[in-house]
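Novice: Following this message is one structure expressed as structure tokens.
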Amino acid sequence: MPFYIDVIVPLALDQRFTYSITDEERELIEAGMRVAVPFGKRKVYTGIVAHIHAKPPLRYEAKPIEEILDKTPTVSAHQLKLWRWMAGYYLCTEGEILRSALPSALLIESETVIEPHPDFDLTLIDEDQNLNDSEYLILQALQKQSLLKISEITLILDKKAIFPVINAMAEKRLILINQELNRQYKPKLQKYIKLADHYSSEMELPHLLEGLERAKKQKQALLKLLSLKAQTQKPISAKVLKEEAGVSDAVVKALVDKSIFEEYYIKKDRIQYDGDSSPHTITLNAYQTKALEEIEEGFEELPVCLLQGVTSSGKTEIYIKLIEKAVQEGKQVLYLLPEIALTTQLIQRLQDYFGDEVLVYHSKYSVNERVEVYRHILEDTKGKIVIGARSSIFLPFQNLGLVVVDESHESSFKQFDPAPRYHARDTAIVLASLFDSKTLLGTATPSIESFYNVKQGKYAYAQLSRRFGDVVPPKVELVDLKDQQRKHKMIGHFSETLINAIEETLKEGQQVILFQNRRGYSPILECNTCGHAPQCPNCDVSLTYHKHNNTLRCHYCGYHIAMQTKCMACSSTDVTTKGFGTEQIETELNSLFEDKVIKRMDLDTTRGKYAYEKIISSFENREIDILVGTQMLTKGLDFRHVKLVGVMNADSLLNFPDFRAHERSFQLLVQVAGRAGRTAEQGQVLIQTYNPYHRILQQVTTNSYNEMFKEQLDERRHFKYPPLFRMIKITFKSRDLNKLNEASDWLALYYRQIFTTNVLGPEFPGISRIRNEYHKNILIKIPQEQSLAKTKSYVKKGVDKFKSIAQFRSIKVVTNVDPY
Ligand code: ADP
Ligand code: ZN
Ligand code: ZN
């Protein structure tokens, strides 16, 4: 009987593909294994075996697979289940999930290679009059190495369009075009040195040493190797040998060339924790103990518990206790954090306690490191605890016992692009439930939807309302900018109140954090004569002035030009900057506090691999007096000597055009404020604003989460927003504005006919054009009593219909479920 497998291929196609397998392959294949499968004309992809069966496909003839790539499954049954759920819930394909889920090094793809045609005699190319220059160059290269990759051909021909050339050559039977699988994962090999076998007997040694009389360094290396060998049974690495003997690479190489030494390689694990863990005990205080009890009781009834603990209340210690328990039961633990909060500070705290049980998984790791973490989790070989960003929900857990989502209110848990557009917090809860395990959501400022779930009785709840060590919460005050301006008390963007507080703090030898949620010097450069402001030619935004490199830059596409001293429209020299970013604050500070060390932390100063860590550690070591930054500053950092936190302008946060702007402002301001006064002395927070009576700002100063929640919920109900209504957003993108309008109108009409109400748009978003593509959105709101599954299937049907219309083929459509 012939056998078939259904394979998930890493493409946006909404189906699994069926391939045939031989009886022999049937013996070897299991669901979850990777297979190389042919696809389309020439491509080969890594796919995942989702199902093995005996039913041939109806509409096409099953092709055989190329190769089985695994001995044991790379993807677990739990993962396949989670992917299915995600595809259904987020209206994406399993293939798109596969692309995000596996470290790219496990997803080999075929690469086009060429080799000489067997009928063509390569030795004749110098005489062959029918060859053109390109052909000659390629064949000449093939004489030297019998296989060429596309990347290598590009180097030889120095041009882009190589396929016409090689296709023509294939037709003339000069070459063959093939596909070669490109295996990316490379184990890290360490070089070791040993004495060549024929010298291992003692007899040979005196003779050998004599031979090296005139090569002092070589003799030194040899003697060192012998003495190290006498000391240890372990292999001796080339690195250690060179260090110990004080010789260079060349010396070792000379001995290898003389066949006295032999080199060999051993695969080395990249994931190695070489610090010490100092097994210490954590004694929870009374509040923590009570909260832990509440969580554990909550877990007896419900799968999810929300821990609301004010900043610096010691939530991490509670996580540690819960994690310890799960690990003692032999279970794995996932500790999820927003990418940016995944700092060495926190990793260190966990490693201090759990040592090499802790694995870290995030985007700053190389692909090879990611593969190794993936394998450790899959085989449950090393490390029970994964601390990771969003994408670590895709790891192949074997027996997950607990999920902790720290800073669980963070919007960056949602992936916007590309598909799958999933929310890691929500997906993590589903993941935990597949293992019948629990999820703890921790935060000082719960998201409205999580707190709503508590109110609805869906989540359990625990609270920590005191800072650890009885540290008093910071005093939060608002500074009325209008008033300060009227009294001429502003210097640049600083009120007198803020300047005095900074002076005071620095005098006491304490540190200051200043927050401004915009980078660059100024977001707009405007002509005072004609009003013109330079715009990005590709996007619907004005260019931001960056002083440090004297440029005007687009923050959406990266377009930049030199700073203009004259208006580009009327040539007037009377141009001014409007609005301000972190750079301008830094500049003003430098002239206000000339003898202080002032640093800036934003996207522009943290691009290098360790740049972010460097700023944090020098701030920790008090080498910086004032740190200015964007919201990067707010993410769970624990600084000991910050007494004052200043918010330069709260209004830009509040006025953001988004239904969550108020909730987000509250969260952000409370989080920023939480960086102040984390030790004995009370911290101070000053928030500058033109609207001191704004409800949200009042609620921040009094730390009134419950009141904020109640008011926001009323608004959401009134304007039909989550968590009372669910939302699906359909975004259309095209360079052709007319077509975009036509296309989005078509689908909106289709949905209106089905849903009658609650279909909004199509509408241009705030920024209607990015990278020369126009954007337009349709928003579908879903009341609680309306079936989510049915709604989604209609939404999907609409998109599928739309895609089948020929005239709309050039329009991109993106479906985003829970688009917030
Ligand atoms: P949160 O995550 O709630 O903001 P942290 O977990 O960072 O708070 O705790 C604040 C500070 O208090 C940290 O420096 C932490 O080490 C300390 N701390 C909290 N709980 C304990 C405890 N039980 N024993 C000792 N130190 C603690
Ligand atoms: Zn002008
Ligand atoms: Zn742009």
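The values are calculated or read from the model by the stated rules, or taken from the named source; none is laboratory data. From a predicted model like this one, the values you see are computed outputs, not experimental measurements. Counting neighbours? That spans all protein chains shown, and the Cβs are built from the backbone with ideal geometry, glycine included. In case anyone asks, the SASA skips ligands and DNA or RNA and just uses the protein heavy atoms, side chains included. Shrake-Rupley method; radii C 1.70, N 1.55, O 1.52, S 1.80 Å.
Novice: What do you get for the angle between helix 77-90 and the principal long axis of the chain? Use alpha-carbon atoms, 0 to 90 degrees, nearest ten.
Specialist: Helix 77-90 sits roughly 50 degrees off the main axis of the chain.
Novice: Keeping every protein chain present and rolling a 1.4 Å probe, give me the accessible area per residue for the chain in Å².
Specialist: 48
Novice: Val597's amide H: which non-local residues (gap 5+, or another chain) put their own amide H closer than 5 Å, with H modeled 1.01 Å from N in plane and none for Pro or chain starts?
Specialist: Those lying under 5 Å, H to H, from Val597 are Asp625, Ile626.
Novice: Can I ask one more? Helix-only mean residue ellipticity at 222 nm, the chain, DSSP H runs n ≥ 4 weighted -39,500 (n - 2.57), per residue, nearest 500. What is it?
Specialist: -10500 deg cm²/dmol
Novice: A further question follows. Keeping all protein chains in position, work out how much accessible area Glu301 exposes to a 1.4 Å probe, and write it in Å² to the nearest 10.
Specialist: Surface accessible to solvent at Glu301 totals approximately 150 Å².
Novice: Next up: So how much slack lies between Gln753 and Gln463, counting 0.36 nm per residue of separation and subtracting their Cα-Cα distance, in nm?
Specialist: 99.7 nm
Novice: If I stretch the segment between Lys290 and Lys803 completely, what's the gain in nm (0.36 nm per residue apart, minus their alpha carbon distance), one decimal?
Specialist: 179.1 nm
Novice: Follow-up. Just grab the label-to-label distance for Asn706 and Ser591, each label 7 Å out from Cα along the Cβ direction, in nm (one decimal).
Specialist: Inter-label distance under the simple model: 4.9 nm.
Novice: Still on this structure, I have one more. Over all alpha-carbon pairs of the chain, lay out the pair-distance distribution in 10 Å bins, whole %, shortest bin first.
Specialist: 2, 10, 16, 21, 21, 15, 9, 4, 1, 0
Novice: Report the residues of the range 526-556 in range of a label on Thr573: point 7 Å along Cα→C-beta, backbone N strictly under 19 Å from it.
Specialist: 526-532
Novice: Given N residues in the range 1-139, what is Rg(Cα) / (2.2 N^0.38 Å)?
Specialist: With N residues counted in the range 1-139, Rg over 2.2 N^0.38 Å equals 1.38.
Novice: Percent relative contact order of the range 561-701, based on C-alpha pairs within less than 8 angstrom and at least six residues apart?
Specialist: Across the range 561-701, relative contact order equals 20 percent.
Novice: While we're on this one: Could you compute how fast the range 332-413 diffuses translationally, taking Rh as the Kirkwood radius over C-alpha pairs and applying Stokes-Einstein at 25 °C with viscosity 0.890 mPa s? Give it in µm² per second.
Specialist: For the chosen part, D equals 194 µm²/s.
Novice: To the nearest 20 Debye, how big is the dipole of the chain about its Cα centre, given +1 on the beta carbon of each Lys and Arg and -1 on that of each Asp and Glu?
Specialist: That gives a dipole near 1600 debye.
Novice: What list of ³J(HN,Hα) values in whole Hz, one per residue of the range 723-736 in order, does the Karplus curve 6.51 cos²θ - 1.76 cosθ + 1.60 (θ = phi - 60°) give from phi, with Gly and Pro shown as x?
Specialist: For the range 723-736, the Karplus curve yields x, 7, 10, 9, 9, 10, 10, 10, 10, 9, 9, 6, 7, 9 Hz.
Novice: A follow-up question, please. Residue by residue through the range 615-629, what is 3J(HN,Hα) from phi via Karplus (6.51 cos²θ - 1.76 cosθ + 1.60, θ = phi - 60°)? Round to whole Hz and write x for glycine and proline.
Specialist: Couplings: 4, 4, 6, 6, 5, 4, 7, 6, 8, 10, 8, 10, 10, 9, x Hz.
Novice: While we're here: Return the Cα extents of the range 639-763 along principal axes one, two and three, sorted largest first, each rounded to a whole Å.
Specialist: Here the spans come out as 62, 34, 26 Å, largest first.
Novice: At a 10 angstrom cut-off on C-beta neighbours, averaged per residue, how do the peptides 694-701, 205-212, 293-300, 383-390 rank from highest to lowest?
Specialist: Answer by packing, highest mean first, reads 383-390, 694-701, 293-300, 205-212.
Novice: Still on this structure, please answer the following. What's the angle, to the nearest 10 degrees (0 to 90), between helix 705-719's Cα axis and the longest principal axis of the chain?
Specialist: The angle comes out near 80 degrees.
Novice: By the scheme Lys and Arg +1, Asp and Glu -1, what is the net charge of all other residues having a beta-carbon under 15 Å from that of Lys797?
Specialist: So the surrounding residues net to +4.
Novice: Between Glu210 and Phe416, what FRET efficiency follows from the Cβ-Cβ distance if R0 is 56 Å, with the result rounded to 0.05?
Specialist: 0.20
Novice: Could you tell me how far the Cα centroid of the range 724-757 sits from the Cα centroid of the range 280-317, in Å?
Specialist: With the range 280-317 and the range 724-757 each reduced to a Cα centre, they are spaced 45 Å.
Novice: Compute all pairwise cysteine Cβ distances in the chain, then list the cysteines with no distance under 4.7 Å to another cysteine.
Specialist: Lone cysteines by the Cβ rule: Cys92, Cys305, Cys557.
Novice: For the range 608-670, what is the per residue volume of the convex hull drawn over the alpha-carbon atoms, in cubic angstrom?
Specialist: Once divided by residue count, the hull of the range 608-670 is 111 Å³.
Novice: Would you be so kind as to identify which of Val672, Leu208, Val642 lies farthest towards the positive end of the dipole of the chain, taking Lys and Arg as +1 and Asp and Glu as -1 on Cβ and the Cα centre as origin?
Specialist: Toward the positive end, the furthest listed residue is Val672.
Novice: Also, I was wondering about something else. So if R0 is 22 Å, what FRET efficiency would Lys191 and Ser151 give, r being the distance between their Cβ atoms, rounded to the nearest 0.05?
Specialist: E(calc), rounded to 0.05, equals 0.20.
Novice: Tell me, what % of the accessible area of the chain is carbon and sulfur with a 1.4 angstrom probe?
Specialist: C and S atoms contribute 49 percent here.
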